[in-house]
Amino acid sequence: MSEWVKVADMKELARRRKKVVNVDGEDVVLFAAGEKVYALRDTCIHEQRSLAKGTLFNGRVICPGHQWQFDLASGWEETQERCQPTYEVKVEGDEVHLNTQQRVLAEND
Amino acid sequence: MSNTIVTIGAGQTAAVAARTLRRRKHDGPIILIGDEKYSPYQRPPLSKEFLAGEQEEADTYVLDKGWCADHQVELRLGTRATRIDAADGYVELEDGSRVAGDKFLVATGSRARRIPGLEGERVIYLRGLDDATRLRNTLRPGARVIAVGGGFIGSEVASVARAAGADVVTLEALDTPLERVLGASMGQVCARIQRDNGVDLRTGEAVESVTETEGGVRVRTQRGTVVDGDVVVVGVGTVPNTEVAEASGIAVDNGVLVDEYCRTNVPDVFAAGDITNHWHPLFERRLRVEHFDNATKQAMAAAKNILGRATVFDDPHWFWSDQFGLNLQHAGHAEAWDDIVVRGSVDDLDFIAFYLDQGVVRAAFSVERGGDMFMAKELIAAQTTPDPASLVDEDVELAELMAS
């Protein structure tokens, strides 16, 4: 079921630019990059590593487990042609809101 | 004009090339010719998840049949090619028939290096799905596994075997496992990881012979050590499958020679993956690399070059190993170095080591530090010369050293 919930305040993302929140029992990692906030399922689709322990670079998060590089907005991994599940995010004032409906974009188009 | 692209080989390299060709809007036929009976599959799980029984055959597949049908990618499996005639536009098969094509990708990969005399019912050279299935069926509590070779394959097999309750004796010919790749100090770290997990690792032990015993197998080393076991698994490197290239007039020297555009010496014939001895612009030498990530990335570059989009392949090379609950990673290439500097703690098995040659970062090896490996690859690719004191200082972000 899709609904919008407040998951964080912007100031929580200020220093480390990332934060893990739990949505319906699933860990979701928020990343602040540029002016935007992105949300991906924290557990990597590959080998269950935590993306929150990864590196942010050029609009991607690089998983520490096996260096898969996920596009922050779409979750797309170019060399694997697979998608990490993502969530829609809205920033309202100081509040980060997330649509609880997980989505998989661009899988095997 | 037809524009059929034929790959010789149907493993990871061929599969990724096919996917890339379709993604890049190649609209002609794509045909993958593979001598194995299986759909293209990934080999890394064969010494890890598949061997442990956590994955099955289908989990290792790279291309599913539906995708191939939808994208008109034809798999000719269980089919051995013998020769490419690029000038006349065909691949000749073992039965003498021909598959017409306009451009060709040699992706024949490599096979396990065999030790003369080390053969038998209970000897497994781990390379394909059938080998992994055979080995998997022997792993049970109390089983006696003899691993020949203490490198990444040997240690991954040992890890799975130990987890299954088997006893493992590993015979490594070098004094330190992985010494050529990692150097003695980091090789010792890998040895320690194995020993701490109950592997009886014996170094300086080159295998001389194997004999069948009643219900088992006996291995003797050149030093005279005798080890009895139930199964012998050998992981001592690979040799490139050069037969098709050699029969086709393609230049071969420890693999198929290609330039940084994945081109062979024969027009319209490209090569990628384990089979290539490729010119590497970053390391300014030829390299033959037997790793999954190279197969993937070189295949992507080759596909783009086949389509006429000039793409230099200069990835710094990267591989990983999962063993004993630890994640090991390596990037770059160094045969000689002046210094190895460590960020993190070797004792705690939480570190990344940088290999410096005349101040230039040439390679990196990490244990449970994959989070630093991405920037390490960037530092290697940019041939940076960071201050070693900064490299080891955890208060300095590696990204800050890119300008050095």
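The values are calculated or read from the model by the stated rules, or taken from the named source; none is laboratory data. Every value quoted in this text rests on a predicted model; they were computed, and no experiment measured them. Every residue, glycine as well, gets a Cβ built from its backbone with ideal geometry; the counts of neighbours run over all protein chains shown.
A few notes on this one:
- Scanning the range B:292-304 for residues that are touching a helix residue (DSSP H, G or I) at 6+ places or on another chain (Cβ under 8 Å) and either of a type in the set (G, A, S) or not in a helix (DSSP H, G or I) (or both) yields B:A295, B:A299, B:A302, B:A303.
- Unique residue being more than 26 Å from B:G154 (Cβ to Cβ), of a type in the set (A, V, I, L, M, F, W, C) and buried (at least 21 other Cβ atoms within 10 Å of the Cβ) when the list is B:V256, B:V341, B:V266: B:V256
Matching residues to (1) farther than 19 Å from B:T138 by Cβ; (2) out of contact with any Gly (no Cβ under 7 Å at 6 or more places or on another chain):
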{"position": "B:R162", "(1), (2)": "no, no"}
{"position": "B:T176", "(1), (2)": "yes, no"}
{"position": "B:L182", "(1), (2)": "yes, yes"}
{"position": "B:V189", "(1), (2)": "yes, yes"}
{"position": "B:R192", "(1), (2)": "yes, yes"}
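- Close pairs from the range B:21-35: first away from chain A (no Cβ under 14 Å), partner outside any loop (DSSP other than H, G, I, E, B) and charged (D, E, K, R), Cβ under 6 Å, at least 6 apart: B:I31/B:E74; B:I33/B:R76
- Selected residue (only one of B:G154, B:G229, B:G216 is touching a strand residue (DSSP E or B) at 6+ places or on another chain (Cβ under 7 Å), farther than 30 Å from B:I340 by Cα and crowded, with 17+ Cβ neighbours inside 10 Å): B:G229
- The residues listed here are B:V244, B:V258, B:V269, B:V233; of these, the one that is at pLDDT 95 or above, closer than 30 Å to B:E205 by Cα and of a type in the set (V, I, T) is B:V233.
- For the range B:44-54, a residue qualifies if it is within 13 Å of chain A (Cβ to nearest Cβ) and buried (at least 16 other Cβ atoms within 10 Å of the Cβ), and the qualifying residues are B:P44, B:P45, B:K48, B:E49, B:A52.
- On inspection, B:V392 does not qualify as within 28 Å of the chain's Cα centre (by Cα) and modelled with pLDDT of 95 or more.
- Residue, modelled with the lowest pLDDT, within the range A:19-40, restricted to residues that are over 17 Å from A:H97 (Cβ atoms) and in a strand (DSSP E or B): A:A33
- Criterion applied to B:R202, B:R136, B:R144, B:R162 was being more than 26 Å from B:A363 (Cα to Cα) and either of a type in the set (V, I, T) or surrounded by 19 or more Cβ atoms within 10 Å (Cβ to Cβ) (or both), and the one residue passing it is B:R162.
- When we screen B:I380, B:I352 for residues that are in contact with an Asp or Glu (Cβ under 6 Å, 6 or more places away or on another chain), within 14 Å of chain A (Cβ to nearest Cβ) and of a type in the set (V, I, T), the only hit is B:I352.
- Residue within the range B:337-355 that is over 27 Å from B:V236 (Cα atoms), touching a residue at least 12 places away in the same chain (Cβ under 8 Å) and among the aliphatic types (A, V, I, L, M) present: yes
- If the condition is being within 7 Å of chain B (Cβ to nearest Cβ), assigned to a loop (DSSP other than H, G, I, E, B), without any contact (Cβ under 8 Å) to a residue 12 or more places away in the chain and on the phi < 0 side of the Ramachandran plot, then the range A:53-92 contributes A:G54, A:T79.
- Positions within the range B:394-403 being surrounded by 14 or more Cβ atoms within 10 Å (Cβ to Cβ) and over 18 Å from B:Y355 (Cβ atoms), in sequence order: B:V396, B:A399
- Selection within the range A:38-52: residues that are crowded, with 22+ Cβ neighbours inside 10 Å and either within 12 Å of chain B (Cβ to nearest Cβ) or of a type in the set (S, T, N, Q) (or both). The member of this set that is farthest from the chain's Cα centre (by Cα) is A:C44.
- Being closer than 19 Å to B:G371 by Cα, within 14 Å of chain A (Cβ to nearest Cβ) and out of contact with any helix residue (DSSP H, G or I) (no Cβ under 6 Å at 6 or more places or on another chain) is not true of B:G332.
- Taking the range B:323-346 as the range and being over 22 Å from the mean Cα position of the chain (by Cα) and closer than 30 Å to B:F50 by Cα as the test, only B:V346 passes.
- In this entry, B:A163 is excluded by the filter for residues that are of a type in the set (G, A, S) and under 20 Å from the mean Cα position of the chain (by Cα).
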